[in-house]
Amino acid sequence: MKKYLPDGITRQERTSVLNADMRASIPSICLERARLVTKSYKKTEGEHYLLRRAKALANVLKNMTIFIRPEEIIVGNHASKQRFAPLYPETGVLSKKELDLMPIREVDTLQITEEEKKELLEEIYPWWKHKTLEDLTWDRFPADLKEIATSPNAVFNALSRTRSGYGHYLPDIAKVINNGFQAIEAKAQKKLECLSCQDEDFTYKSAFYNAALIICEAVHTFSSRYAALAGTLAENTADPRRKKELKLIAAACTQVPYHPARNFHEALQSYWFTLLIDYIFQNGSAISCGRFDQYMYPYYLKDTDSGLLTKDEAQEMIEALWVKHNDVIKACTYNSARNNGGFSTSAHLTLGGVDKDGHDACNELTFLCLEADRNVFNCEPNIGVRINKKNPEELPQKVFEILGTVGGGKYPLFNDDVIIPTLVKDGLPLEEARNYGIVGCVEPNPYGNSLSISNACYFNLAKCLEFALTNGYCLLTNKKMGLSTGDASSFTSMTEVKEAYEKQVSYFVEKMADSLNIIEESIADYTPHIYCSLLLDDCMERGLDSSAGGSRYNYCGVQGVGAPDVGDALMAIDKLVFHEKRLSMSDLLHILHSDFKDAVSEQNMLLYEAPKYGNDIDEVDRYVRYAGEQYCLEVAKQKEWRGGKFRPGLYCVSANTPIGRQVGAMANGRKSGMPLADGGISPRQGVDENGPTAVFLSAAKLNLDLVTNGVDLNMKILPSLAKTQEDYQKLTQMLRGYFAAGGMHVQFNIISDDILKEAQKFPDAHRNLVVRVAGYSAFFVDLDVDIQNEIISRTAMQAL
Amino acid sequence: MISNIQRFCIHDGSGIRTTVFFKGCPLRCAWCANPETQHTCAELMIYHARCGQCQTCISACPAHALSLNGGNIQVDTSQCTLCKLCVKACPNRAISIKGEVLCAQEILDIVRRDKPFYQTSGGGMTLSGGEPLYQPELALELLVLAKKYNIHTCIETSLACSFSVVEKVLPFLDEIYFDLKHTNNTKHKAGTGISNTQILDNIEHLLKQRPDARMRIPVIPGFNDTEKDILEICRALKEFPISSVELMWFHNLGNPKYSALAREYPYTHISPFSDIDKKKIKDNYQANGIVVIHS
């Protein structure tokens, strides 16, 4: 018997209808947003960009196509059809080549008709010439940064940020659920009334508050449109059960997100609108969800306690919401799709952990969310679980149980007992540190008060080692790209190798910071994030947009990629060149230049006779620690434009494959163009021969205190290890051991290689196969074949 | 002589364990899944599936012990000096040498590394093999040292040794698993090459001192899996008295090891038990009054 919803459909039936409907949709490009934004921008030329942005969003929210799919209970769509990708011409345009590629590329394939292409290229895009963020930012780049930005195989590529926007932060959704946009509107109104003409930032602030008012009103209109649509549908539906549901939807959309939520259903609906509108507003991914099981719990408790709602109904609505998350897809460029792939938005939803007083925060809803996800099991939302010493064993065990029964990989696990002290050390008050949520893949951030920009750039550490050994020349193109740090064949000690490497890293880290600062300033000027600013503490108080530094904390996360490769390579040089003198430095350089041509035995020696990271061998683990530490310290030296901090991370999602293509042969025996170690701190593929505990202990030796933006360790486990309750217990004990040793993060992927290989051959039969690609999850069959192969090659941990 | 030290073992005693596989065993079980642990000497293993037949190893061998024969690289063990040059030369890592002489301290230095995991799981070190009590001095040294480091200890033994050897290690063992292949001596001799008289005596003595010791029976197709076998085994068990056993199901995962050692495996084409077979066998044990646990 249901209490809130009418009887007549079970939870399983609804979820299966919704999932089938979502999965049957054919991802395509949607022009509607581009038309509406362009129309608005044409009208607002000359106005402040804060107002132009707000008006453009308002125009979209008031006029975009809206729909309610069969059996939906949570409503709100991202584009004109389900799983359509809107376009963001204000940030950058897509070339004809990119558009031609969309329907035929093997990753994130998007349909687009010839008429649509024509409209874009001939009507919409021409107006944007020299008006996009990308163009305007490019004009601000000095020659040296332009040179790096246009070089193939560059150490970093910052410019893609202009197109992809920020994303990657934790909006204070809870505030909207509890108080509604009406509270934000009232505050903006009040601030505007109090704003003195003599305020030195009068023009800016008045634009800011007026923009806020425009948005609040547009948000209200948007949800009211759904209320009206649901009402009409209810009238036209003969089925009394669906009629009643549509009336509930209409009532919820009349109430939220403008007014405070009154029950669990409205809280979920408010959550979805608030998050969805941000995704409609900007092209960024990983706008993340925060601690869902914490801020939703009071609504759940109230409704279940008062007998308004059954536990199963709560789960039914959560499942409906989880399906809804997969509606959000973005049209990435081919390169970007290859880096990330799988239409993953990485909206990270955090469960578990402790409350602000440090007590176990797990509740019934924590487990309900996991149970709901077991039944839905799509790539979104990206559910991460905080594991604290104080959390019950049932929490990690539940995660393993789901992974063991459903297969695949999800639910990254985060060690509270390492992350909270790290955040405190980084300057957060203890209570805020305890309330951290994860952004995107692995980035821990305070909730609702920081524009984290946690995934601003990848930095190729392996390329820096290449330059240190080649005096700055690229092994692939022979082009001079790095610093002149001396002819490595004359190096006589590890000190000299390390000095050269450090100089390269230091030089490029500074260039990366410079590039990002220019981009950030340009974003603040041309595409301020006014909607985000309404959801971040202190922006309203200061009358300052989050993109310009309005929020309480300002971060910019930059990730070092290839620390395990660099560490292994340094170890091999140390042992085989300088210590055992089995290879001269000039021989090594010659071998690397020729990519091990006619040097199989030397390659074998480099591969197998020097220890490798991931085996719990101190001498090599120390080198990986060094590579990570040195990068983090360099990053920490940089000044962030908004007065915040650059935060170093050591993770790479699945970018280790494309980034690896840009690196020549390495002294650890890795051939030119091969993927770098995956995840960010996982051992190189196949070298971890001492089993998972050794991998964990190697990873726990890194100086994680410094890696404030997070790390990614992937651990593939065969299904035979996760079948029984006893297995789940042992896996939990293993996790606890790793975390007790000081580990920060791990992502388990319980899967068999055979299944993956079969999925490559018969993708349609495996549409439900979700894998974690180094830090986030995606449909396996959607991935680039290189990345698929890379996943298959990762060591499968066996315990026979 | 040690064959292998394997971390993260979760089926050899409580918690997460590191298992030390001793090399050398007095039994020659025809179905053995770890043939590389039978002999006490180091041995060359050539994994043919990985071999690219490039013959690099043949040129690398100073003793001319390797040759290509019928599409497979073969080693003449009378010539091989175990110099490892072929191991290093092979581009496909198809060759390895099993068997290393390590002292107790060296072994414990590896075992100790997983202490964080022993602490969270109640795990520790397991001595297995091969037969750990076939090298009684090393086994004892390891156990004494483990206790010094406060590491939980476990043994998996066939008890094919004099009881005085068993008695010496007992005080240092937290957990004991012994296995019995068959209670029928004729069958035991046929399957393992040795009589079970000493083993059965040892079981009796052991259980008097350590009633917590647990019996495991490897269930082998055609050897001890018929109703008749099970009835006979169960009757004998009740005499001890033993009321529960763990069954370890035959698997043929050892198959590639035999071919790597250039040995014949009589069980190559024998399939593992189906779930239905397993249930039947378990039911049979239960029907004869023996409780089957963890199987």
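Below are the figures for this structure:
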item	result
Criterion violated by A:Tyr623 - all others in (1) farther than 26 Å from A:Arg338 by Cα; (2) in a loop (DSSP other than H, G, I, E, B) satisfied	(2)
Residues of the stretch B:25-78 that turn out to be assigned to a loop (DSSP other than H, G, I, E, B) and not basic (Lys, Arg), as a count	32
Qualifying strands (runs of 3 or more DSSP E) (wholly inside the stretch B:179-295; at least 3 residues being touching a residue at least 24 places away in the same chain (Cβ under 8 Å) and buried (at least 17 other Cβ atoms within 10 Å of the Cβ))	B:214-219, B:244-249
Those residues of the stretch A:208-232 which are small (Gly, Ala, Ser), under 8 Å from A:Cys253 (Cβ atoms) and within 30 Å of the chain's Cα centre (by Cα), in sequence order	A:Ser223
Enumeration of residues in the stretch A:487-506 that are closer than 16 Å to A:Asp574 by Cα and among the hydroxyl-bearing types (Ser, Thr, Tyr)	A:Ser489, A:Ser490, A:Thr492, A:Ser493, A:Thr495, A:Tyr501
Selection count, the stretch A:677-707, where residues are among the aliphatic types (A, V, I, L, M), part of a loop (DSSP other than H, G, I, E, B) and modelled with pLDDT of 95 or more	3
Residues that are surrounded by fewer than 24 Cβ atoms within 10 Å (Cβ to Cβ) and in contact with a Leu (Cβ under 9 Å, 6 or more places away or on another chain), drawn from the stretch B:117-130	B:Thr120
Contacts under 6 angstrom Cβ, first residue in the stretch B:113-137 being assigned to a strand (DSSP E or B), partner among the acidic types (Asp, Glu), 6 or more apart	B:Thr126/B:Asp12; B:Ser128/B:Glu156
Test: B:Asp114 is within 30 Å of A:Gly742 (Cβ to Cβ), surrounded by 15 or more Cβ atoms within 10 Å (Cβ to Cβ), within 14 Å of chain A (Cβ to nearest Cβ) and among the charged types (D, E, K, R)	yes
Strands (runs of 3 or more DSSP E) contained entirely in the stretch A:339-449, each with at least 3 residues that are touching a Pro at 6+ places or on another chain (Cβ under 8 Å)	A:382-387
Members of the stretch B:35-55 found to be within 14 Å of chain A (Cβ to nearest Cβ) and out of contact with any Lys or Arg (no Cβ under 7 Å at 6 or more places or on another chain), listed by number	B:Gly52, B:Cys54, B:Gln55
Counted residues, the stretch A:584-619 - those being away from chain B (no Cβ under 13 Å), part of a helix (DSSP H, G or I) and either touching a residue at least 60 places away in the same chain (Cβ under 8 Å) or more than 36 Å from the chain's Cα centre (by Cα) (or both)	9
Residue in the stretch A:650-673 that is more than 23 Å from the chain's Cα centre (by Cα) and within 14 Å of chain B (Cβ to nearest Cβ) present	yes
Test result for A:Arg661, of a type in the set (Lys, Arg) and surrounded by 24 or more Cβ atoms within 10 Å (Cβ to Cβ)	no
Top-ranked residue in the stretch A:630-648 [being more than 23 Å from the chain's Cα centre (by Cα) and surrounded by 20 or more Cβ atoms within 10 Å (Cβ to Cβ); ranked as nearest to A:Ser551 (Cα to Cα)]	A:Glu634
Residue under evaluation A:Val176, criteria (1) outside any loop (DSSP other than H, G, I, E, B); (2) within 21 Å of A:Ser336 (Cα to Cα); (3) of a type in the set (A, V, I, L, M), criterion not met	(2)
Selection status of A:Tyr631, within 25 Å of A:Gly743 (Cα to Cα), of a type in the set (Phe, Trp, Tyr), more than 14 Å from every other protein chain (Cβ to nearest Cβ) and not in a loop (DSSP other than H, G, I, E, B)	yes
Test: residue in the stretch A:695-713 that is away from every other protein chain (no Cβ under 13 Å), surrounded by fewer than 20 Cβ atoms within 10 Å (Cβ to Cβ) and either within 29 Å of A:Leu731 (Cα to Cα) or of a type in the set (Phe, Trp, Tyr) (or both)	yes
Lone unmet requirement of (1) surrounded by fewer than 19 Cβ atoms within 10 Å (Cβ to Cβ); (2) under 30 Å from A:Glu47 (Cβ atoms); (3) not acidic (Asp, Glu) for A:Lys581	(2)
Tally of residues being of a type in the set (Lys, Arg) and more than 23 Å from the chain's Cα centre (by Cα) across the stretch A:369-410	3
Selected residue (criterion: farthest from the other protein chains (Cβ to nearest Cβ)) from residues of the stretch B:267-278 that are within 30 Å of B:Thr77 (Cα to Cα) and modelled with pLDDT under 90	B:His269
Qualifying residue in the stretch B:116-135 (condition: out of contact with any helix residue (DSSP H, G or I) (no Cβ under 9 Å at 6 or more places or on another chain), more than 19 Å from B:Asp12 (Cβ to Cβ) and in the same structural domain as B:Thr226 (by TED's automatic domain parsing))	no
Subset of the stretch A:26-42 [buried (at least 16 other Cβ atoms within 10 Å of the Cβ), in a helix (DSSP H, G or I) and in contact (Cβ under 8 Å) with a residue 40 or more places away in the chain]	A:Glu32, A:Arg33, A:Ala34, A:Arg35, A:Val37, A:Thr38, A:Tyr41
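The values are calculated or read from the model by the stated rules, or taken from the named source; none is laboratory data. Worth saying up front: this structure is predicted, and the values here are computed from it rather than measured. Reconstructed Cβ throughout: ideal geometry from the backbone, glycine too, with neighbour counts over all protein chains shown.
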